[in-house]
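The values are calculated or read from the model by the stated rules, or taken from the named source; none is laboratory data. This one's a predicted model, so the numbers in the text were calculated from it and none came from an experiment. Quick reminder, even Gly has a Cβ in these numbers, built from the backbone with ideal geometry, and neighbours come from all protein chains shown.
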Amino acid sequence: MIQDSSMARHMLWRLLGLIPTLLMLITVAFFLMRVAPGGPFDSEMLLPAEIEANLNAKYHLDESLLQQYFRYISQVAVLDFGPSIQYKDWTVNELIGQGMRVSLTIGLAAMVLAFVVGTLLGIIAALRQNTRADYLLMGVAMLGISIPNFVIAPILILLLAVYAGWLPAGGWDWSIASMVLPVVTLSLPVTAYIARLTRGSMIEVMHSNFIRSARAKGLPERVVIRRHALRPALLPVISFLGPATAGMISGSVIIERIFSIPGLGSYFVQGALNRDYTLVMGVVIFYGVLIILLNFLVDMVYAWFNPKVRYDETS
Amino acid sequence: MALLEVKDLDVGFDTPEGEVHAVNQLNFSIEAGDTLALVGESGSGKTQSVMAILGLLAENGHMSGQALFKGKDLLQMSSSELNRHRGSEIAMIFQDPVTSLNPYLRLDKQMTEVLVQHRGLSKADARAKAVEMLRAVHIPDPARIIRQYPHELSGGMRQKVMVAMGLLGEPELLIADEPTAALDVTVQVEVTHLMSALRETTNAAIILISHDLGIVAGICDRVLVMYAGEAVECGSVDQIYYDPKHPYTQGLLNSVPRLDQPDDMELEAIPGNPPNLLNLPVGCKFRDRCPKAFDACTEKPPMQLDEDRHAYRCFLGDTA
Amino acid sequence: MTKQADRRVIDPFEAALEVSDVRGSSPWEHAWHRLQKNRAAVYSAFIMAAMFLMVVFGPMLISWEPDFTDWDYTSTPPSIASGHWFGTDAVGRDILVRTLSGGRISLMVGLVATLVSLLIGISYGATAGYFGGVVDRIMMRIVDITYALPFMFFVILLMVVFGRHILLIFVAIGAINWLDMARIVRGQTLSLKNTEFVEAAKACGVSDWDIIRRHITPNLLGVVIVYVTLTIPQVILVESFLSFLGLGVQEPLSSWGALVSDGAQDMESAPWTLIVPSVFLTITLYCFNYIGDGLRDALDPKDHF
């Protein structure tokens, strides 16, 4: 069918475009790390020269920067991120595997929460435009966007964990209780933004001519909303999911620190401070690939929602 | 009983600059099988009066008066009550098919919902009827077209789809708002013929909103001329075109180029501008531009009723 | 100016047009009107003005120095009696004066880094939009690629790599945030280039320079103002993230982020050390967001991002 091949061509085109992005990501991160003054072994006790030379050779730090770069690219191509410099017994792949499970769980849960709650609140506010419910919801949403997560988190911990004792103040043991606060705090600003976005978009759509046409056809209002208004209203939200994920990943660094969660964000910050090149690179690439793939996915979902886009590329 | 009887319709809008009076004390009626044209410039209130009747006014709009459809007042109905009539007994064809069709839905979904909602047909039956209707409006290969999105069609086809959608519910009253405005001439003719055919096959009444006097002459029986939200003249097509009584109507007809005039003849424009709807003048609203205005025109002129139901709002007697 | 020959045609025509009795208003007047009606934005503007005054003049008027340790009053809650109206922290430093002087840093970073991203963004965006074609496509591709990357990571890397000098923070944050500005400016420039009123101006013989001055710049201005106002809180937020992680401004300078971080450590025993800077930070972000939102609605009500 015409529709299917246009979607397929669209996907292929987009996939090809990802490669330069990936390359740039790796290159920038690589050279940035190397430019940092200080090497991975500086903070330890003074090592005798030969041991230090051995270590440098083991991690190929004695080669020229360009050589190291190409060696690294070839390793990454086979998904080998090398050994961690700081955590001597672990490979980066293993560390990422561990941290990933935690971070992805939190991230996914937060994203789903943000999308569901955000769009729901936004639609309610839009349908009750300029009433008290609308002002209240949007005022709270603005607060959600404005309060940094490192302000909300301690306050929530204080109220719900320390004073009330309902939830743990930190740590991670895969129990629902330990998940609640991190997931909620992580999703808060995104939920708030999605709520505002949905409301604005919904209001605009409800004023379009084709909604007027739908009403003129005698369709009940809930059918008009569900069948005619919802899809176009959600388009900007779907577009936003890409940057929203990037934002959440940035936010997770803080959340993991506050709640003492052994996720990738913590590994990253530690690695950066300790000049653990391989670990830092591994995390950056992992997250970068994740974001790129997610943006790709979002693009596809958007094209499915908005048929006009599918034809632009191929015409 | 008249199919639709509009009495003393007033429509206004609240804006930051004040209240815009779009329609003032409009009265008309239409019987089954009639074709009535609402004629006037942009801003004369033709579209808004119809929007008010169908309950489609913008949020800052308000209306008063009566719009009796088969005896029941549409203006007093809630949306759910109105929904029983909209789309089935009263159908509307909008002016701009680009924005009036939902760009995110395929045509079959948009077309079949009227039948599914009002006639209780299954989706398959509704789709079959819709395809038939597309064929009837001369759209080629309708079974394929109906699976497409609006932006994949040409402008003329989109308008024909809108006409088809309006006719699907088998309405007793069809309201067409400038259905030919965005089209090139050949398609205009087609659409006009479609509407004439409708008159003949069903006994539907048609309200045609247009500023194109040529189209109006083609299919309408009666004409209502509007100016600044008011009806200024109403009569049969022959009466209006051959014996216009109101100076505005006369001015309108004089400004239309005609085939039987010499090529280099200058068109007479009506001097001046339409009045500001925020601040309407007292008395006759046309007086500032009227070549025949005199002292009495500062008072509101009465609607004079001639023999043969030819009405016009002016102080002057026979102004021909 | 319009050419002489063209004026000779236009003038009699203009004289023949009747002047109506309605006084039109310019889009700026319209926008100002709409903005004034937006109560949230107006209140926020007043609060921000007050905040600026407090932050600039407050530390001068308060008797305590930000790093003065008052050993008589460590970890005391807010009280008028002790002279520390907002309490002290664990080593006896007055919270109010620390918050206000921390505010100086936070706001300064906000303004300067926004300026940096403004300059980069406008030049980049206007160039891409003006030249169009291949140049535009390449430049925007770069923006797309950069947009997809987790910027926070790069800022952290930059901080780790180059140390925590305050100038660097301005540049780093600004360099990360210019993307949105570039996109918006480029979009505006592109669409403005092709508008009918620019075409009409060219048809009337208006010079290119005048077109830029009278038609393009005022339209760019609106959009730029909105984004500047919305970028400031973003930048303040990024800086506070960094400070919270310990990667922001160095002692003895302090910013709201660092103060919140310190406060979070002691929050069980001295919650006011957390609450006071949090409230100041939140109010600032909240108000800037409302002002930016109000400006956006006022200048172009259809333009919802």
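Numerical summary
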{"item": "Qualifying residue in segment B:78-93 (condition: crowded, with 21+ Cβ neighbours inside 10 Å, farther than 22 Å from residue A:208 by Cβ and within 13 Å of chain A (Cβ to nearest Cβ))", "result": "yes"}
{"item": "Condition check for residue A:136: exposed (fewer than 13 other Cβ atoms within 10 Å of the Cβ) and at pLDDT 85 or above", "result": "yes"}
{"item": "Sole residue being charged (D, E, K, R), away from chain A (no Cβ under 12 Å) and either out of contact with any helix residue (DSSP H, G or I) (no Cβ under 9 Å at 6 or more places or on another chain) or buried (at least 20 other Cβ atoms within 10 Å of the Cβ) (or both), chosen from B:190, B:132, B:113, B:172", "result": "B:172"}
{"item": "Any hit, segment B:97-117, residues being out of contact with any strand residue (DSSP E or B) (no Cβ under 6 Å at 6 or more places or on another chain), closer than 24 Å to residue B:189 by Cα, without any contact (Cβ under 8 Å) to a residue 40 or more places away in the chain and in a helix (DSSP H, G or I)", "result": "yes"}
{"item": "Residues of segment C:239-264 that turn out to be more than 9 Å from every other protein chain (Cβ to nearest Cβ), touching a residue at least 24 places away in the same chain (Cβ under 8 Å) and closer than 16 Å to residue C:167 by Cβ, as a count", "result": "7"}
{"item": "Leading residue by the ranking (surrounded by the most Cβ atoms within 10 Å (Cβ to Cβ)) among those in segment C:236-256 that are of a type in the set (Gly, Ala, Ser) and farther than 15 Å from residue C:156 by Cα", "result": "C:255"}
{"item": "Segment B:169-222: number of residues that are within 30 Å of residue B:121 (Cα to Cα) and either without any contact (Cβ under 8 Å) to a residue 40 or more places away in the chain or not in a strand (DSSP E or B) (or both)", "result": "20"}
{"item": "The listed residue being modelled with pLDDT under 90, among the small types (Gly, Ala, Ser), in a loop (DSSP other than H, G, I, E, B) and within 18 Å of residue A:219 (Cβ to Cβ), out of B:166, B:120", "result": "B:120"}
{"item": "Qualifying residue in segment B:20-31 (condition: small (Gly, Ala, Ser), outside any loop (DSSP other than H, G, I, E, B) and crowded, with 18+ Cβ neighbours inside 10 Å)", "result": "yes"}
{"item": "Residues within segment A:123-156 that are assigned to a helix (DSSP H, G or I) and closer than 24 Å to residue C:284 by Cα, tallied", "result": "21"}
{"item": "Which listed residue, of C:149, C:168, is closer than 29 Å to residue A:27 by Cβ, at pLDDT below 80 and not in a helix (DSSP H, G or I)", "result": "C:149"}
{"item": "Pairs, first within 14 Å of chain C (Cβ to nearest Cβ) in segment B:6-29, second among the small types (Gly, Ala, Ser) and in a strand (DSSP E or B), C-beta under 8 Å, six or more apart", "result": "B:20/B:12"}
{"item": "Conditions (1) in a helix (DSSP H, G or I); (2) touching a residue at least 12 places away in the same chain (Cβ under 8 Å); number of the one not met by residue B:238", "result": "(2)"}
{"item": "Test: residue B:239 is closer than 20 Å to residue B:207 by Cβ, within 21 Å of the chain's Cα centre (by Cα) and either among the aliphatic types (A, V, I, L, M) or at pLDDT 85 or above (or both)", "result": "yes"}
{"item": "Matching entry among C:110, C:83 (being within 14 Å of another protein chain (Cβ to nearest Cβ) and closer than 25 Å to residue C:254 by Cα)", "result": "C:110"}
{"item": "Residue count, segment C:60-100 (criterion: surrounded by fewer than 21 Cβ atoms within 10 Å (Cβ to Cβ) and part of a helix (DSSP H, G or I))", "result": "5"}
{"item": "Counted residues, segment A:215-239 - those being among the small types (Gly, Ala, Ser) and more than 7 Å from chain B (Cβ to nearest Cβ)", "result": "3"}
{"item": "Unmet requirement for residue B:288, which otherwise passes all of (1) outside any loop (DSSP other than H, G, I, E, B); (2) surrounded by fewer than 23 Cβ atoms within 10 Å (Cβ to Cβ); (3) assigned by TED's automatic domain parsing to the domain that holds residue B:12", "result": "(3)"}
{"item": "Verdict on residue A:271 being more than 22 Å from residue A:187 (Cβ to Cβ), within 14 Å of chain B (Cβ to nearest Cβ) and crowded, with 18+ Cβ neighbours inside 10 Å", "result": "no"}
{"item": "Answer residue from segment C:265-283, given it is more than 8 Å from chain A (Cβ to nearest Cβ) and of a type in the set (Gly, Ala, Ser) and is surrounded by the fewest Cβ atoms within 10 Å (Cβ to Cβ) among those", "result": "C:269"}
{"item": "Criterion: out of contact with any Asp or Glu (no Cβ under 6 Å at 6 or more places or on another chain), more than 9 Å from chain C (Cβ to nearest Cβ) and either within 23 Å of residue C:234 (Cα to Cα) or aliphatic (A, V, I, L, M) (or both) - qualifying residue of A:260, A:252", "result": "A:252"}
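This table checks each residue for (1) away from chain B (no Cβ under 14 Å); (2) surrounded by fewer than 17 Cβ atoms within 10 Å (Cβ to Cβ); (3) modelled with pLDDT under 85.
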| residue | (1), (2), (3) |
| --- | --- |
| A:149 | yes, no, no |
| A:174 | yes, yes, yes |
| A:188 | yes, no, no |
| A:196 | yes, no, no |
| A:207 | no, yes, no |
| A:241 | yes, no, no |
